[in-house]
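Structure, as structure tokens:
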Amino acid sequence: MKNPKLVILVMIDEPKGVVYGGTVAGPVFSDVGKWALNSLRVNPELQLVETIKELSPDNSESANEPVPVENADLLPDFRGKTMREVLKRGNDLGLNVLLDGTGMAVNQDPGPGSPLDGITSVKVSFRPPA
């Protein structure tokens with residue numbers, strides 16, 4: 001990143017159980033980072049990566065799991081997404097996105113799978129992760 005907007009340092013005093021950084025500090029870093037980037041309205045810099053085939057445990061090539069593809073004519077399911085993800089996808093579809101609450105998306109109106117024809121806006125409700 002050429003122009004960082006923030007730096008996050010997570011220090012855990014006297015961690016319990018497994019004391020690896022990714023296990024203890026990782027979830028805190030993730031929550032703080034999502035909140036901070038959303039509050040600052042920082043959009044991620046996306047980079048294309050090539051898909052590589054994974055090897056199965058017996059070292060033979062295995063077919064990649066099929067990835068669910070959204071139907072372009074239906075409203076996507078925003079549940080479990082961040083505000084930034086919801087706004088980006090909604091804007092890409094030409095929708096007016098109304099946000100309610102903070103945290104992760106838990107509900108939307110119209111519901112997922114509704115025909116996009118005639119929908120001009122979607123209201124998405126958010127709640128902080130438990």
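Every number here is computed from the coordinates shown, using simple stated rules; none is lab data. Not measured: the values here are computed from a predicted model. Counting neighbours? That spans all protein chains shown, and the Cβs are built from the backbone with ideal geometry, glycine included.
Okay, here's what the table says:
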item: For segment 70-130, with +1 on Lys and Arg beta carbons and -1 on Asp and Glu, the positive-most of 98, 129, 113 along the dipole; result: 129
item: Ranked packing of 77-89, 25-37, 3-15, most packed first, by mean Cβ within 10 Å; result: 77-89, 25-37, 3-15
item: Under-5 Å amide H pairs with residue 101, H placed in peptide plane, nonlocal only; result: 126
item: Residue-by-residue Karplus 3J(HN,Hα) for segment 98-114, coefficients 6.51, -1.76, 1.60, Hz, glycine and proline x; result: 9, 9, 9, x, 9, x, 10, 5, 10, 7, 8, 9, x, x, x, x, 5
item: Distance violations [Cα-Cα > 19 Å] among 34/81; 88/123; 5/34; 5/123; result: 5/123
item: Sequence-distant residues sharing a close amide H with residue 81 (under 5 Å, placed H); result: 105
item: Amide hydrogen neighbours beyond the local backbone of residue 123, cut-off 5 Å, H modeled; result: 98, 109
